[in-house]
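In what follows, a single structure is set out as C-alpha cells and then discussed.
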Amino acid sequence: FKSGKCPLCASRVVKFRRTGESSRSEDDAISGEHEVQIEGVRAELEPVELGDGAAVPKEFANPTDDTFMVEDAVEAIGFGKFQWKLSVITGLAWANAMEMMILSILAPQLHCEWRLPSWQVALLTSVVFVGMMSSSTLWGNISDQYGRKTGLKISVLWTLYYGILSGFAPIYSWILVLRGLVGFGIGGVPQSVTLYAEFLPMKARAKCILLIEVFWALGTVFEVLLAVVVMPTLGWRWLLILSALPLLLFAGLCFWLPESARYDVLSGNQEKALATLKRIATENGAPMPLGKLVVSRQEDRGKMRDLFSPHFRWTTLLLWFIWFSNAFSYYGLVLLTTELFQAGDVCSISSRRQEVKAKCSLTCEYLTEEDYTDLLWTTLSEFPGVLVTLWIIDRIGRKKTMALSFLVFSFCSLLLFLCVGRNVLTVLLFIARAFISGGFQAAYVYTPEVYPTATRALGLGSCSGMARVGALITPFIAQVMLESSVYLTLLVYSGCCLLAALASCFLPIETKGRGLQESSHKEWGQEMVGRGSHSPGESQE
C-alpha cells in the first residue's frame, strides 16, 4: 500500500485488519485483527485516499495493536527491484523446458540412429515423466519441511548433473536410466513458482507468475533453434549437454536467493523472516511496516492429509484431474506435432497406413529443415498463449481462464479431423498449443494461491505429480495409438479436455483478488481481500 506524502499527516498511520478470521484463539478474538501501519496516512476510521486514488474501506481500518503479518509486509513493500531479480533467477530454473522439448527432437533421432522400435521410443519419453511423477510430491514435502530454497537448489543441481551425464550414454539402457534421473530432478523445479509466489504482492501475483512462464516458452524456442544448429553438425549428444546451460546459470546465481519469509514465519524463525523482509524493503526503496511481526508457528507442515481435509478435498481431486489433463494434452500435442509434420497432415497418416498395412516399426524418418521450421512456429505459440492468459486471467478469473483454454484446445483437436493442408494444420496446432499452454500457466497461478503456506509446496508438488501421470501416458497415445487410428487419438485428447473444462468450472474456490493463506489449521478465507475486488462479506465461489 503506497501512500502520497502529506505535510499535515506525516506522523499519522493507517492500519489494515485481516478479514474472515474464522478460526482463532481467544486472545486473538479480543482484537480479531492483524494490522499494517504505513507512514504518511491519517488514522481516522473514514475511508482514506491513497496515492494511487484507491480508497481504503472502513472495514479495513482498525486502530489496535502495532503488529503485522508477512502478507501485510509484502503488500506494503510492493513490487520492485527485488522481485525483478527474483523473476530472472527463478525464470532460469523454469527454462528447464529445454529438457522437455528435447524429447520431441531426440525421439526420431534415436529411432533412426539406434534402430529402436516405436515402443522403445515412447518409453524413452515416458521414463522422464516416471521420474517426475515419482519425485514431485517428494520435492514438495522437502520444500514444506526444510524450505523452498533448499528443495529448489537440490532439484536443479540434480537435473543439471544427470542432464549433462546423459549426453555420454553409450547404449539405450544407459540413456533410459539417465533420462529417468533427469525427470526425477525436474519434478522439483515447479517449486520455483512456490518460492516466487510467496514474495509477490497480491495485485501483481498472477501477472508475474505468468510472465516467468515466458522463460518456459523461451526455453522451448531456444531448444529448437539449438537443435537446428547442433544436430546437423555436432549431433544429439552435444544437444543434450548444451540444453543444461540455463540450469548451470541458475546454479551459479542461486546463492542470491533468500528463503521464503512465509516459510520462516511458519517454522518459527521470526528473526530470519524479518531480516528477509527488511532486505526486500531496502532493495525496493520502500519503508517496512511499523510494529511487530506476528509469528504463527506450525510444526506439522507438508502433510498429505491436509490436502484432503473437508475444505480442500474436492479442490485437490479436481485440481489433480485438471493438471493431469493439462500435461496429457500439452505433451501429447508436442509429440503429435512432430508426427503430423512428418506425414503432412492427418489424412496423409491414414492413407499411408492403408497403403502400407504391415509397416515395420523400425522404419524411420529424420527431422528435415522444414520440420524444424514448423516445429519452431508451433513453439512460438507459447508467447501468444502467455499474452492471452495474461489479459483474461484477472478479468474473468482463474477458473474460467482454465475452462476456456481447455475448450479452445478441444475444438482445434476436432478440426484436425478435416483433411486440411500443411498451412492450415500449422495454424490449428499453433492455436491449440497457445491455449493449452495458457491453461497450464493458469493452473500454476491458481494452485499456489488456493493452498496455505503449510501445504503450498506439497499441494503444487502433488498436482505436478498427477500432471506427470498424464505426461507418462501420452506418448503411448500420441505415438503408439496414432499408428492404429489417428482419429481415435484426436478424440481422446479432445474428450479429455472437455472433461477438464467442466472440472475447472466446478472448483469451489476462485482465488482472484485473494491473498495467500498461511496456516492449514485455519479455514480458507483468512487472507487479505483486495481493495475494489471483493468485499469482506462476499461469498467465495
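Before moving on, here are some points about what is shown:
- Among the residues of this structure, Gly461 does not count as one that is farther than 18 Å from Tyr330 by Cα, open to solvent by 10 Å² or more (accessible area, probe 1.4 Å) and either aliphatic (A, V, I, L, M) or not assigned by the TED database to the domain that holds Arg205 (or both).
- Residue match in the range 176-189 (condition: closer than 30 Å to Ile393 by Cα, surrounded by fewer than 24 Cβ atoms within 10 Å (Cβ to Cβ), in contact (Cβ under 8 Å) with a residue 24 or more places away in the chain and assigned by the TED database to the domain that holds Ala73): no
- Among residues of the range 147-166 that are outside any helix (DSSP H, G or I), those with a Cβ under 6 angstrom from a residue that is surrounded by fewer than 24 Cβ atoms within 10 Å (Cβ to Cβ), sequence gap 6+ or separate chain, pair up as Gly147/Glu259.
- Summed over the range 412-434, the residues that are open to solvent by 20 Å² or more (accessible area, probe 1.4 Å) and either free of Cβ contacts under 8 Å to residues at least 12 places away in the same chain or not in a helix (DSSP H, G or I) (or both) give a count of 8.
Residue-wise test of (1) under 19 Å from Phe406 (Cα atoms); (2) of a type in the set (Asp, Glu); (3) at pLDDT 85 or above; (4) surrounded by 24 or more Cβ atoms within 10 Å (Cβ to Cβ).
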position	(1), (2), (3), (4)
Gly439	yes, no, yes, yes
Thr447	yes, no, yes, yes
Gly495	yes, no, yes, no
Ser520	no, no, no, yes
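- Qualifying residue in the range 473-493 (condition: closer than 20 Å to Leu318 by Cβ and open to solvent by 10 Å² or more (accessible area, probe 1.4 Å)): yes
- Annotation for the range 217-234: at least one member residue is outside any loop (DSSP other than H, G, I, E, B), open to solvent by less than 10 Å² (accessible area, probe 1.4 Å), under 30 Å from Gly131 (Cβ atoms) and among the acidic types (Asp, Glu).
- Residues that are buried (at least 22 other Cβ atoms within 10 Å of the Cβ) and within 15 Å of Leu195 (Cβ to Cβ), drawn from the range 140-165: Gly140, Ile142, Ser143, Asp144, Arg148, Gly151, Leu152, Ser155, Val156
- The single residue among Ile241, Ile280 that is open to solvent by 30 Å² or more (accessible area, probe 1.4 Å), at pLDDT 85 or above and β-branched (Val, Ile, Thr) turns out to be Ile241.
- Check on Glu259, open to solvent by less than 40 Å² (accessible area, probe 1.4 Å), under 16 Å from Ala95 (Cβ atoms) and acidic (Asp, Glu): no
- Members of the range 74-115 found to be over 24 Å from the mean Cα position of the chain (by Cα) and part of a helix (DSSP H, G or I), listed by number: Ala76, Ile77, Leu106, Ala107, Pro108, Gln109, Leu110, His111, Cys112, Glu113
- The number of residues in the range 484-512 being closer than 27 Å to Ala197 by Cα and either more than 23 Å from the chain's Cα centre (by Cα) or assigned to a loop (DSSP other than H, G, I, E, B) (or both) comes to 7.
- The set of residues from the range 185-204 being part of a helix (DSSP H, G or I) and within 18 Å of Pro258 (Cα to Cα) comprises Gln191, Ser192, Val193, Thr194, Leu195, Tyr196, Ala197.
- Any hit, the range 440-453, residues being part of a loop (DSSP other than H, G, I, E, B), hydrophobic (A, V, I, L, M, F, W, C), touching a Lys or Arg at 6+ places or on another chain (Cβ under 7 Å) and closer than 30 Å to Lys149 by Cβ: no
- Taking the range 200-216 as the range and being surrounded by fewer than 22 Cβ atoms within 10 Å (Cβ to Cβ) and of a type in the set (D, E, K, R) as the test, the residues that pass are Lys203, Lys207.
The values are calculated or read from the model by the stated rules, or taken from the named source; none is laboratory data. These numbers come from a predicted model, not from an experiment. Every residue, glycine as well, gets a Cβ built from its backbone with ideal geometry; the counts of neighbours run over all protein chains shown. Please note that ligands, DNA and RNA were not included when accessible areas were found on the heavy atoms of the full protein model with its side chains. Shrake-Rupley method; radii C 1.70, N 1.55, O 1.52, S 1.80 Å.
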